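Novice: Structure in structure tokens, see below.
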Amino acid sequence: MDRGEGIYHILALTAVAIWGTTFVSTKLLLAEGMTPAEIMFYRFLIAYLALKLYKPTLRLPESWRDEALFAAAGLTGGSLYFLTENMALQITLASNVALLLATAPILTVLLSRLWLGRSERIGRPLAAGSVLALAGVALVVFNGSFILKIQPAGDLLTLAAALTWALYNICLKKLDGRHSTLEITRKVFFYGVVTLLPVFAFTPLRFDTALFRNPVVAGNLLFLGLVASLFCFAVWNTAVKHLGTVKTSNYIYLVPLVALISSAIVLNERITPVALGGAALILSGVYIAENGRRIRGLKPIHR
């Protein structure tokens, strides 16, 4: 790892560490009666309004092609990702979802080679580390209970969610040469909210002031909106800009590990020796992928 890149690795680690705790916040909000679509809507709306207050005006895109990329980023990294993930959770096992979502870094590698070509180099350490980390993810998400129930619809939806996240990272890389991280992040939240609106034609959006006065609801929505969305998307986008899609996405393997720890602390869920072994594999895999041999990041794309 180059010393100059160290700060961006720290930013990526910080983002995934916080994202790993969002499963707990989401569970608490679901227990209070909120729907997945409502949680995602208010989460992104809070983040967008906060950015709007911070910087009311941003320069217009240089072309409609850029605006289309912004919309694609908001769709893939926002509404489509969260909807497919939450729909999958209602159909298949949570362990299936967690495991299949961990394929996002691998899909990112494949899509990077397909659309970004030789600007992204993939070495053996990255491939070996990814396989090792994915094996660790499998142990962590099952946590000593090896139950794999195949539910084609739910599993396909989960793979679709992983694919949309990989596409989101590709969109970021195509935009970062011409737009600031702040501009990209705000546009992602805006289009994430806009593309979610059609869902409420089928399941009306509730605005219950009594619900928002509940400290559990208000606190967790603010955490998801300001910290897990606004802060994490900004630092993640910055990391992708400087490290490249492949390097940054490799840290996604750590999300199930953080979720396991936070669930044990907040929800008193059990951690088994199998899960601890999986945690060791994840950490080893990420270390090998990042330090086995220097992998060149993507250069900004200019037209």
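Every read-out reported here was derived from the displayed coordinates using simple, explicitly stated rules and does not represent laboratory data. Keep in mind it's a predicted model, so treat the numbers as computed, not measured. Heads up, the Cβs are rebuilt from the backbone with ideal geometry, glycines too, and the neighbour counts pull from every protein chain shown.
Novice: Strictly over 21 Å apart at the Cα level, which of 52/247; 27/187; 174/241; 174/247; 27/52 would you flag in this model? Let's see the in-between values first.
Specialist: Values: 52/247 30 Å; 27/187 27 Å; 174/241 10 Å; 174/247 16 Å; 27/52 28 Å.
The pairs that break the limit, which is 21 Å between Cα atoms, are 52/247; 27/187; 27/52.
Novice: Further, regarding this structure: Just to be sure I understand the model, the point goes 7 Å from the Cα along the line to the Cβ. What's the resulting residue 156 to residue 65 distance in nm?
Specialist: Here the modelled spin labels are 3.4 nm apart.
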